[in-house]
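Student: Structure below; questions to follow.
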Amino acid sequence: MSEIEAVLGAWGVPLRSIQQAEVPGVYHVYSQNGKRYVLKNVGGLDMMARTEVQYRVTRHVHQAGIPIAYLLPTQDGSFYSTSGSEMFVLMPYLHGEETDFYGPESAPAYLNLGRAYGRLHACLSEYDGPIETWRVDIYDLVFNDYAPRWLPHLSGDVLSRIQATLRELEDPLQLLATELPVQTILLDVHRGNVRMMGDEFRGFIDCDHICIGQRFFDVVTALSSMVRYRGRNGLPVDGDPEEQRAYWLSHFSQFLSGYHEVNPFFELERDHLWLGMLSCCFPDGREIRDGVPVLEHMDWFYSNREVMERSIYHAVAF
């Protein structure tokens, strides 16, 4: 750990111990004064512009009073330290625990999480600094990235069904890309990047994919990931996924209610929330490369469309 200790010297942390996290390149840092930090290897110096954006934006959010893993400045006022060609950042550790989003009493957790995202986006809408990384919209991701990259590798019924869904999505996603305002968003939003203590929100972590786009993308990605993936990013590893999805179906509208309460949706967003979540349902690249593209998630969204749209309109009223 001598290399890591040398990296930490840039921040002058009175070090007690360092522990390698399960995630490669991440270290838990314990100081002599009882404070705890997270040190992260963010890659080579080619990540400089993106990391500087993360520094500025996360400090903006932190200064607005929203808990977030903001980047701490070094003793000389920089936002990173290096070891060779690798760049490291330091963040305060956000305490949390595993929150049950898939049980009968989980509605308050969804409500508070929705409020947290609503406050986050309201804060980010006030950030007017430059973003040197990238701009993204949901239409571009589906039709200019996913479709040309992966459709050539599909065939038969899977291909025809995905093409049918793309036809349903094309005009609505184009409308959203054209009509919705853009602002700073986090992009990499899922349950694993949020800290909760029981039902209460405790903060956002791993905020290193900041870009320019529509908040709509963050919302539909956050919600759809909770029923698409397994483990840290979504459904619990243990238990019946159908039962878990049923609990999500019962409670996801609380997220929308909480969000709308503190940062009202536009009607255009409300009217397309289901389609937005559907656009996150296609087989991912790993499934296609492995030759086992599955439509389970897309089928589940279609089979529950009426219930979901009714819940959306009940939660987001004007």
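The values are calculated or read from the model by the stated rules, or taken from the named source; none is laboratory data. These figures come from a predicted structure and were not determined experimentally. We place every Cβ from the backbone using ideal geometry, glycine too, and count neighbours over all the protein chains shown.
Student: With crowded, with 20+ Cβ neighbours inside 10 Å and touching a residue at least 40 places away in the same chain (Cβ under 8 Å) as the only criterion, which of TYR93, TYR117 stands out?
Tutor: Selected residue: TYR117, the only one of TYR93, TYR117 that is crowded, with 20+ Cβ neighbours inside 10 Å and touching a residue at least 40 places away in the same chain (Cβ under 8 Å).
Student: Now for a different question. Could you please find all residues in region 29-54 being assigned to a strand (DSSP E or B), of a type in the set (D, E, K, R) and surrounded by 16 or more Cβ atoms within 10 Å (Cβ to Cβ)?
Tutor: LYS40
Student: Pairs, please: C-beta under 9 Å, at least 6 apart or cross-chain, first residue in the same structural domain as THR51 (by TED's automatic domain parsing) and at positive phi and in region 127-139, second assigned to a strand (DSSP E or B) and surrounded by 19 or more Cβ atoms within 10 Å (Cβ to Cβ)?
Tutor: none
Student: Assuming PRO104 fulfils every condition listed in (1) in a loop (DSSP other than H, G, I, E, B); (2) touching a residue at least 40 places away in the same chain (Cβ under 8 Å); (3) within 20 Å of the chain's Cα centre (by Cα) apart from one, which condition is it?
Tutor: Every condition holds for PRO104 apart from (3).
Student: Does SER78 satisfy being surrounded by fewer than 18 Cβ atoms within 10 Å (Cβ to Cβ) and in a loop (DSSP other than H, G, I, E, B)?
Tutor: For SER78, the condition - surrounded by fewer than 18 Cβ atoms within 10 Å (Cβ to Cβ) and in a loop (DSSP other than H, G, I, E, B) - is met.
Student: While we're looking at this one, here's another question. With respect to THR165, is the statement that it is of a type in the set (Val, Ile, Thr), surrounded by 15 or more Cβ atoms within 10 Å (Cβ to Cβ) and modelled with pLDDT of 95 or more true?
Tutor: Considered against the rule, which asks whether it is of a type in the set (Val, Ile, Thr), surrounded by 15 or more Cβ atoms within 10 Å (Cβ to Cβ) and modelled with pLDDT of 95 or more, THR165 comes out as yes.
Student: State whether the residues of region 81-89 include one that is over 30 Å from ASP199 (Cβ atoms), loosely packed, with under 15 Cβ neighbours inside 10 Å and assigned by TED's automatic domain parsing to the domain that holds TYR302.
Tutor: No, because not a single residue in region 81-89 is over 30 Å from ASP199 (Cβ atoms), loosely packed, with under 15 Cβ neighbours inside 10 Å and assigned by TED's automatic domain parsing to the domain that holds TYR302.
Student: Another question, then. Kindly list, by first and then second residue, each pair from a residue in region 245-264 that is among the acidic types (Asp, Glu) to a residue that is modelled with pLDDT of 95 or more, limited to pairs with Cβ atoms under 8 Å and residues at least 6 apart or on different chains.
Tutor: GLU261/GLY114; GLU261/ARG115; GLU261/GLY118
Student: Considering every residue within region 296-303, establish whether at least one is among the small types (Gly, Ala, Ser), outside any loop (DSSP other than H, G, I, E, B), modelled with pLDDT of 95 or more and surrounded by 17 or more Cβ atoms within 10 Å (Cβ to Cβ).
Tutor: no
Student: Another one. Quick check on this structure: which one of ASP188, ASP145, ASP218, ASP206 is loosely packed, with under 14 Cβ neighbours inside 10 Å and either assigned by TED's automatic domain parsing to the domain that holds ARG115 or hydrophobic (A, V, I, L, M, F, W, C) (or both)?
Tutor: Every option except ASP145 fails the conditions.
Student: Which one of these is more than 18 Å from the chain's Cα centre (by Cα), aliphatic (A, V, I, L, M) and buried (at least 19 other Cβ atoms within 10 Å of the Cβ): VAL26, VAL57, VAL13, VAL61?
Tutor: Of VAL26, VAL57, VAL13, VAL61, the one residue that is more than 18 Å from the chain's Cα centre (by Cα), aliphatic (A, V, I, L, M) and buried (at least 19 other Cβ atoms within 10 Å of the Cβ) is VAL13.
Student: Moving on to the next point. How many of the residues in region 205-261 are β-branched (Val, Ile, Thr) and touching a Ser or Thr at 6+ places or on another chain (Cβ under 8 Å)?
Tutor: 3
Student: Could I ask something else about it? Would you please name the residue that is nearest to SER155 (Cα to Cα), looking only at residues in region 290-300 that are free of Cβ contacts under 8 Å to residues at least 60 places away in the same chain and either not assigned by TED's automatic domain parsing to the domain that holds GLU168 or not β-branched (Val, Ile, Thr) (or both)?
Tutor: For region 290-300, the residue satisfying everything is GLY291.
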